[in-house]
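The values are calculated or read from the model by the stated rules, or taken from the named source; none is laboratory data. What you see is a predicted model, and the numbers here were worked out from it, not measured in a lab. Because the Cβ atoms are built from the backbone with ideal geometry, glycine has one as well, and the counts that use them run over all protein chains shown. Protein only, heavy atoms only, side chains kept; ligands, DNA and RNA dropped before computing areas. Shrake-Rupley method; radii C 1.70, N 1.55, O 1.52, S 1.80 Å.
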Amino acid sequence: MIKVLRPLLRGSTYSGVLFAVLGALAALPLALVALVPVAGMPADPYLLSAVLSLALWVVLIGAVGLAGVTRRVLVRGARRLLGVTVPDPVKGASGGRWRTPVFLVVHVLSGWVLLFGGSVLLTMAVALPGNWASGEARVSLFGHATDLTGGWSWVVAAVCLVVAAVLFAAVSGGLRRLAPRLLGPSAAERLAMAAERERALAERNRLAHELHDSIGHTLTAATIQAAVAGEVLAADPVAARAAMRSIEESTRAALEDLDYVLGVLRDEQAGTAPTRTLADLPELLDRLRHAGAVVEPEILGSPERVHGTLSRAAYRILQEGLTNALRHGAGGPIRLRVVAGEDGLELSVDNEAKSGPSGFPTSGHGLPGLAERVRLLHGEFEAGPYGGGGGGVAGGVGGIAGGGGPQRWRLAVRLPVRWAA
């Protein structure tokens, strides 16, 4: 019994009633318009005129439901008054346009049922006890009249009150169940929403990679450069100033990257995306040398002919590889190799591996992020230790067999190239 009465005690039931009544009142002007064509028809038969007016009114309501603004208003009203979760319509997505007119027609007709039925029931619930007190209670329905005397008028008044509440709960609950089905996204809109979520996720993952590569490299290089500047400040002021200038340049570049990424994440109008390519590789190597690293580059072929996404990706791959060499290397020479061949771009970073902890924190996302970047470019990726009995890196980009000596670490990538005309 309590479960049956529970909807009658909820405020959401009566906010749903308000939603239905507002729809009925909003459609009242359309009802007046629907009466115009039948105004000149003969009064007999009256039923035909009433049916034609009702049909025209329903058509007009459905036509209003086809407007995009109608659906947006209904969605917001349903969220606020019905308490249902309905996402905003997807712009540009088609399909299921008939559902909004159907819901609007049901919405309006439910509102008028509540207005007429609820008004009659509530009026009877209030009036009958007063008529019993004066001894003049009389109920007429469909041509039949009944006199209510004594306590029966109170019983009927209570029944009317309960029926009115049940009617309110039924209409409110029905609209609450229909709203997500008829106002919610269609199949085409769900596909569009999924595609938009996938695009946003891919963009955020790309930005995360950019931040990791750029900011991670800058902080690593700046930390080492600051340590070098502190050590030589008294003995070699010129070298210290050079290290400080390098820190300034690298952090300024990182700030540009950070400003762009934060602008995108905040949905603001971000500036032009930083486009560092293989042409910026000499500047990157200079910053590493200022940090005290010994870099032995080997550039073969024509890397300047590599353009666009491939060149930007190659720069980030080398930047991440060099950053890892700074963080986790043993301090020996870092061998950098770039080979731009006719059918592919080969990149490798080779350095002596440190046996103990590097002293730099690691997120564990660097190499997986590089592997994902290479996979999206249909390339080949390998990274791992070799030499010193530590196994080998084989296949893909010219395998390196294990051997004697200290253990080394090698990052090797091969990317397919499409040459610009």
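Of H107, H307, which has the most accessible area with a 1.4 Å probe, and how do the rest follow in descending order? If you can, show how the numbers build up before the last one.
Numbers: H107 10, H307 110 Å².
Output order, biggest surface exposure first: H307, H107.
How much accessible surface does T277 have with a 1.4 Å probe, in Å² rounded to 10?
So the heavy atoms of T277 present about 30 Å² to solvent.
Evaluate E = 1/(1 + (r/R0)^6) for L25 and A371, where r is the Cβ-Cβ distance and R0 equals 60 Å; express this FRET efficiency to the nearest 0.05. Don't skip to the end; give the middle numbers.
Details: r = 62 Å, r/R0 = 1.03.
For L25 and A371, the calculated efficiency is 0.45.
Report the extension gain between E283 and V36 in nm, rounded to one decimal, defined as 0.36 nm multiplied by the number of residues separating them, less their alpha carbon distance.
On the way: separation 247, 0.36 × 247 = 88.92 nm, distance 7.97 nm.
That pair, E283 and V36, stretches by 80.9 nm at full extension.
Using the Cβ atoms and a cut-off under 10 Å, what net charge is assigned to the surroundings of W409, where Lys and Arg are +1 and Asp and Glu are -1? Walk me through the numbers on the way to the answer.
Numbers: positive: K354, R408, R410; negative: D350, E352.
Result for the local shell: +1.
Using a 1.4 angstrom probe and counting only protein chains, how large is the accessible area of E231 in Å², to 10?
Solvent-accessible area, nearest 10 Å²: 150 Å².
Keeping all protein chains in the complex and leaving out DNA, RNA and ligands, what accessible area do you get for D286 with a 1.4 Å probe, in Å² to the nearest 10?
The accessible area of D286 comes to roughly 80 Å².
State the Kirkwood hydrodynamic radius of region 50-125 in Å, one decimal place, computed from all pairs of distinct Cα atoms. Please list the in-between numbers first.
On the way: mean 1/r = 0.0708 Å⁻¹.
Every distinct Cα pair counted, the radius reaches 14.1 Å.
Which sequence of T70, T309, T251 reflects their accessible areas, 1.4 Å probe, from the largest down? List each step's numbers first, then the result.
Values: T70 20, T309 80, T251 50 Å².
Result, largest first: T309, T251, T70.
Please work out the FRET efficiency for the pair E196 and H307, using the Cβ-Cβ distance as r and a Förster radius of 30 Å; give the result to the nearest 0.05. It would help to have the intermediate numbers written out before the result.
Details: r = 30 Å, r/R0 = 0.98.
In this case the efficiency is close to 0.55.
Using 0.36 nm per residue, how much length does the chain from V51 to I299 gain when fully extended, once their Cα-Cα distance is taken away? Working shown, then result.
Numbers: separation 248, 0.36 × 248 = 89.28 nm, distance 8.57 nm.
Result: 80.7 nm gained on full extension.
Under the 0.36 nm per residue contour assumption, what length would be gained going from the current alpha-carbon distance of V73 and S119 to full extension? Before the final figure, lay out each step's value.
On the way: separation 46, 0.36 × 46 = 16.56 nm, distance 2.67 nm.
The V73-S119 span can extend by a further 13.9 nm.
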